[in-house]
Every structure is written in C-alpha cells, then in structure tokens.
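Report on the following structure.
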Amino acid sequence: PTRRSSISVYHRPIAVRPADQTRPIVLKRADEAYVVWEDHRAGNADLYLQRFDLATGEVRLALDGVALVATAADETDVALSFTGLLGEPVVAWAAHDSAGQRVRTQKFDAQGRALWPPRELSWPLPRPARVAVVGTDRGGAWLNALRLGEGPEVPPSPHTLGLNAEARAIGPREGQRLLELGAARHIRLDHLAGAEGLHGDAYVAWEAYRAGAKNSDLYLQRLDAQGRPRWRSGGIALCQAEGLQSVPVLCAVPGGVVVGRNGRRVNDDNLYVQFIDSTGRPRWRLDGLPLCLAPRSQSNLVIARTSASELVALWTDARAFETQGFDVFYQRFVLEGRMLLGQDG
C-alpha cells in the first residue's frame, strides 16, 4: 500500500484458469522472474510454474503456466530458490496424501522439466508449517522445514536436509533435527531462514517464544558439509532483548554469517544486524548493531555481500508514510562493525 500516485509499467495475466490460483512466490533471476503457485484447476492443490520478462511482462511459458507437480496429493507450502547466480530453480513443498505428509523437493530446468531422478527426495514431517530451500553454488540445496508440535510427545522443531548436485542426501536421510526442547514441549516457533555457508556448510535461524507470546527471541545453528549441527543443542541465542525479535535474514560472509532482524521495543519495528563467527561467537556487541532506528517501522530486510568485508542492506521504510507513503532505504556496512552511510541509512 502507498499514498503516492504511480503508473504501472505493465499488467499481464500469469494464470487465468478456472478454480483458485493461490500463494504465488516470485523470484528474480537476471532479466526474468520465476513464479510458482498452488493451483486448484484439477480439484486439489498442485504446483505450477511461469516465467516472465521483467522489462515487458511477456510470459515465456504457456499461458496459465506449466505443471511442476500434479498428483492426487495436495502440494502446499511451496518454497523456491536457485542453485547459484544463474543456476536452475529448486522447489520444495509439503505433500499431503492418504499415506501421511512429507516434505519433498525437486530441481527443474527453465521449462519446468524435472532434473533430479524421480526417486523419493523427501522425508516424513507431520504438519509442516513452513518449508524453506536454499540452493547452493554446487548445484545442490539445503532443505529446511518447520514442524508444529502435536501434543507433549511431539515438540515443535526445525529440521534440515542437505542434497548434493545429484540429489543424494549429504545429511541424515530423514532430516537432521536442529532443536531439542527437553521438557518445554509447547514453545511456539516461527520464521525459519537458511543460508549456504562459504565452506560447504549452512546456517539456519528461527524465532522461538521461550519467554512468552510477546517476547520472541532468535536462535541460530551451523551445519557442517554432512548436515551435522556444529553448535550446542537448540542453537545459540542471537538476541534476547525485551520485546519481539523476529524475521531473521542471513548472509554468509568469510568467517561466519551476518544475521539481520526486526526488533520491536515499543510499537515500531526497527532493524539490527549481528556478525556470528563460525565458532558461534558474536563479533559485535550483545544483541547486535542498530541498522535503522528511524520512527515508524522498517521491514522486508534484504542483505547482500558486495565484497569480502562489505555488505549492503535494503528495506521498506515507513518514516515518511504520512506524507509520501513507503520508501526504500539502504545502508552499507563492514564486518568490522561500522556503518558507512551515517545513521538510519
């Protein structure tokens, strides 16, 4: 939403078939974008793909898209990534049928044709709430899923599975459970995020409401190249400040990972960043450095590495919403913990 007037560059249909097309995910690559969505044209939830030209909006596949996964099961909770800068798309989803529920994954070419062998690339995970996938530069992927608890005997926990370029599991076949909660069986978890490390490893972060429904904290775990957790059970605490700490964003850097987050102390969401090295030690001050503390809320944070020691962050900013709507701000910072563009971007 915005209060400033604007002119659309184009407005073109992606899929106009009868029945519902829902939950689209859009991911840009070079001069085009990929869209994957849940499609009910066959009476159940299947997955369809479309590509379109970013300059003109013209679709590059058949109108209404091509079927990625069309089975008798319901395919939901889709996630999309790419294997490298110009690599193929990797799609992960939750499959629901009479045999139960599984998290599945497949790599496709630009026409929507499956590239991995048609064998079981999945693991059972009751009631997956969120699915995330991170493609790697070596053609594989890290597949993550957040499981909801189903009573005292099944605590909520995030899982992960590593796949190489041929879709052979490099982690435990049924997925590596990342969180051990012990007796605390009913803790709410949310916003699972992952990033490929620079040495064949991976990082996974999530929210955990261990201190109550209005005080979420963030936790981080590092996985080695075989998918084994390298830090203590339950991960390390990224931030335990008062208020809601939410929506982790990860960017791997030499020596570790930079984690961005939303932090709410009173009514506004501000942005913070922290550098965690490969041993799990925070490099910057406790609870991280403020990225933006401007009035009103900042959201939709994106962090990218521009060199070995410098990063750029972009976000949606509401500081001038009353007069001109939302803006996009950015900030540059270095791994020594110094902001380069002054306060608040």
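No value in this document is a laboratory result; all are computed from the given coordinates. Just so it is clear, the model here is predicted, and its values are computed rather than measured. Glycine gets a Cβ as well: all are built from the backbone with ideal geometry, and neighbour counts include every protein chain shown.
The table for this structure:
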item	result
Estimated distance in nm for a label pair at ALA70 and LEU293, the labels positioned 7 Å out from Cα along Cα-to-Cβ	5.6 nm
Cut-off 11 Å between beta-carbons: net charge of the residues surrounding LEU198, Lys and Arg +1, Asp and Glu -1	-2
Shape category assigned to region 213-345 from the gyration tensor of Cα positions, a/c cut at 1.5	oblate
Residue list for region 304-345, given a label point 7 angstrom along the Cα-to-Cβ vector of ASP268 and an amide N cut-off under 13 Å	317-322, 344-345
Rounded FRET efficiency, nearest 0.05, which uses the C-beta distance separating LEU341 from ARG12 and R0 of 51 Å	0.90
At q = 0.10, 0.11 Å⁻¹, base-10 log of I(q)/I(0) for the chain (Debye sum, equal scatterers on each alpha carbon)	-0.64, -0.79
